Amino acid sequence: NRKITKEKSTVKQDKRNTYFKYHLEKCTRSEESFKQISEPTRANICHILPKRKYISVQNNLLNFIYLDLEEHSRFDLLLDSLRFLELEVEFPNSWELACKRINMFIDDVEENGIIIRGLKKYLNEKDL
């Protein structure tokens, strides 16, 4: 049993490493403030749908937005709080882009959490 668990963990880690490697090579600036990110880290790759809650899409290459550290923290706070209208106001350059990306992978989401339910309602109402 431990061997199977370790193998599954290794596969999950490999997928996550591939996801971040892909994005770290592409991340050069914040998609919100357009500030240059000269040495990106995993903290600059913001999952639109949180990887901890939406495991089915945690490694989906469309589940991202490039942000600086402060933007990332604020984005996560607003999203986790379902404050979509504040995301519109505070992230005028990247929120619509994030919504477009969500629409491209929303059918792959297997979880039925509060964020995806709220986003589906919001996206339908906004017709995004």
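Which residues, counting only those in region 76-110, are outside any helix (DSSP H, G or I) and surrounded by 14 or more Cβ atoms within 10 Å (Cβ to Cβ)?
Scanning region 76-110 gives L82, R83, F91, S94, V109.
Can you tell me which residue is nearest to R101 (Cα to Cα) among those in region 12-27 that are open to solvent by 80 Å² or more (accessible area, probe 1.4 Å) and not basic (K, R)? Please lay out each step first, then the result.
As a first pass, look at region 12-27 and keep what is open to solvent by 80 Å² or more (accessible area, probe 1.4 Å): 12-15, 18, 21-22, 25-26.
Keeping just the survivors that are not basic (K, R) gives 13-14, 18, 22, 25.
Working: Q13: 24, D14: 23, T18: 19, Y22: 16, E25: 19 Å.
The extreme case among them is Y22.
Scan region 24-75 residue by residue and report those that are small (G, A, S), without any contact (Cβ under 8 Å) to a residue 40 or more places away in the chain and assigned to a helix (DSSP H, G or I). Step through it out loud before you land on a result.
Filtering region 24-75 for residues small (G, A, S) gives 30, 33, 38, 43, 56, 73.
Remaining after also requiring without any contact (Cβ under 8 Å) to a residue 40 or more places away in the chain: 38, 43, 73.
Scanning region 24-75 gives A43, S73.
Would you mind finding the one in G113, G118 that is touching a residue at least 60 places away in the same chain (Cβ under 8 Å) and over 12 Å from the mean Cα position of the chain (by Cα)? Break it down into steps so the answer makes sense when it comes.
Values: G118 fails: touching a residue at least 60 places away in the same chain (Cβ under 8 Å).
G113 is the lone residue from the list that is touching a residue at least 60 places away in the same chain (Cβ under 8 Å) and over 12 Å from the mean Cα position of the chain (by Cα).
Among the residues that make up region 49-65, is at least one of them at pLDDT below 95, of a type in the set (G, A, S) and either open to solvent by less than 60 Å² (accessible area, probe 1.4 Å) or touching a Ser or Thr at 6+ places or on another chain (Cβ under 7 Å) (or both)?
no
The values are calculated or read from the model by the stated rules, or taken from the named source; none is laboratory data. Remember, it's a predicted structure, so these values are computed and weren't measured experimentally. Neighbour counts run over all protein chains shown; Cβ positions are idealised from the backbone, glycine included. We work out accessible area using only protein heavy atoms, side chains counted, and drop any ligands, DNA or RNA first. Shrake-Rupley method; radii C 1.70, N 1.55, O 1.52, S 1.80 Å.
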